[in-house]
1. Hey, in the GNM for chain A with a 10 angstrom Cα cutoff, which one of A:100, A:176, A:69 fluctuates hardest?
2. So for chain B, averaging the separation of alpha carbon pairs under 8 Å that are six or more residues apart and normalising by length, what relative contact order in percent results?
3. By its C-alpha gyration tensor, with a ≥ b ≥ c as the square roots of the eigenvalues, how is chain A shaped: rounded for a/c under 1.5, else prolate for a/b larger than b/c, else oblate?
4. Quick one: if the Förster radius is 25 Å, what FRET efficiency do residue A:181 and residue A:102 give, using the C-beta to C-beta distance and rounding to 0.05?
5. Across peptide B:258-268, what mean number of C-beta atoms from other chains lies inside 10 Å of a residue's C-beta?
6. Once you put a point 7 Å from the Cα of residue B:249 and another 7 Å from the Cα of residue A:32, both along the Cβ direction, what distance in nm separates them?
7. Taking a ≥ b ≥ c as the square roots of the Cα gyration tensor eigenvalues, with a/c under 1.5 meaning rounded and otherwise prolate when a/b beats b/c, else oblate, which class fits the protein assembly as shown?
8. How far apart, in nanometres, would the label points at residue B:137 and residue A:44 be if each is projected 7 angstrom from Cα along the Cα-to-Cβ direction?
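Just so it is clear, none of the values below were taken in a lab; they were calculated from the coordinates. Just so you know, these numbers come straight off a predicted model, no measurement behind them. Note: ideal-geometry Cβ built from the backbone for every residue, glycine included; neighbour counts use all protein chains shown.
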């Protein structure tokens, strides 16, 4: 309760929650607000925003409703952002926990592996992965997960390294609990808050990466997405600025909202950092 | 220092070989005929060529032999042949690499300089309107897609205001030479470099501000203040010098990621670098070029990290050679 109150005093985080809430509502309401396929031609091509009250954000060169595209695209961005982050956290926590808890040679090996993935340029690798495994929602989600787990692994390893030496973990070892059990029931619950903070910020990065991939034409062909809309509008910039302006604004707002929430959670979970901002 | 350098070179080589093996695995794991991928899907029409490729890489032989063939091929500079462009992939990439290095170098310098400057200003006037403006802008640019910023600045500065050229690296057909040409390229460089760098400007601003505030709370700063050192001097000599180190560490790790961002920037601005090459290869399903660019990008990143590592030890002698 007190946490809730503290969170509500962080205006940025509250603003983020409101924006994100609106975007989620838009994603859910898309089939009602804009029934039918967003790829369908519904009006004259290249209607300017406000020109026709039925198509407030205008239409593209094929007469598709920009507003419908944005509403339907919200689903893809949020879905890929959340699912790829979950997968990345799963990989990162597994590797980080094993490395940090067992240490020694296991740690060495796993950290070399992690470093390798950290050095190679993330976005270029995501592009290659999606291109080779043909763009669809699964390959995009997995590619983003594959390039974003190393940060989690390092974080979890550091947490485990320090928690491992604490008395309650030593006690668990002494009473004979098995390694996996100690990891799951003793150490992991105590390392959860930094993981949550990182994960919430990772969702924002994942949405940016997804939009960049679909901007390059590496999106799922069956699903409308914000990045795709901007990519398609690239060559029409001179004639129809609204085609790329509004989807970009949608990405900006979604990512900004999630970052604000992530920072709010961070302030909440790291009380010793509190007040440093003021 | 020598043993440290050698150790780092060893590490860099391991990473590069790792990327080559990764490329090989991708070719093997990808759905479809590996020979078709090596040829690029565009080239799959020529059965004779595919037969040659199969023989060259021994695709009917055991996997370790194939890996060895691929590895030794790449290590001797054979990145394959671009069927589409009818040139070896390596020469295609080397021809484009300088443009990308120029763009990313300029973006890096821009983002580091402006990021540190804004971060110092925000920390120096903490809580003021200036601080609020800087931190808000940093937050916004941190959340803005790079390619969108690029498109919007073309819209504003090229199409509406007509100040800066929207495409290419130099005026085509102008035939400038010497300084005139350098100026022309610089003029074309402004938009791509700034839009590529803005995201990192936001990152470095936030980092510098946090780091400055941290150092400003330390005892030696209080001592300096008590001694009566002027505020400007405290900020510049005492705080900044200590606060900027973590920023450099982070920047050196991030420098390589700029090359990834260059794919997007070069696509928007038709900048003739390897990022644009990668985009064209995507469009044409020219997989040898795609994998080649990925490998070269990784090598550039490894080299940049290596140099940053060495420089860092010169900047901060306290760091042990571990």
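1. Largest GNM mean-square fluctuation: A:176.
2. Relative contact order for chain B comes out at 27 percent.
3. prolate
4. About 0.95, to the nearest 0.05.
5. 4
6. 5.1 nm
7. Because its axes are fairly even, with a/c under 1.5, the protein assembly as shown counts as rounded.
8. With each label placed 7 Å out from Cα toward Cβ, I get 4.0 nm.
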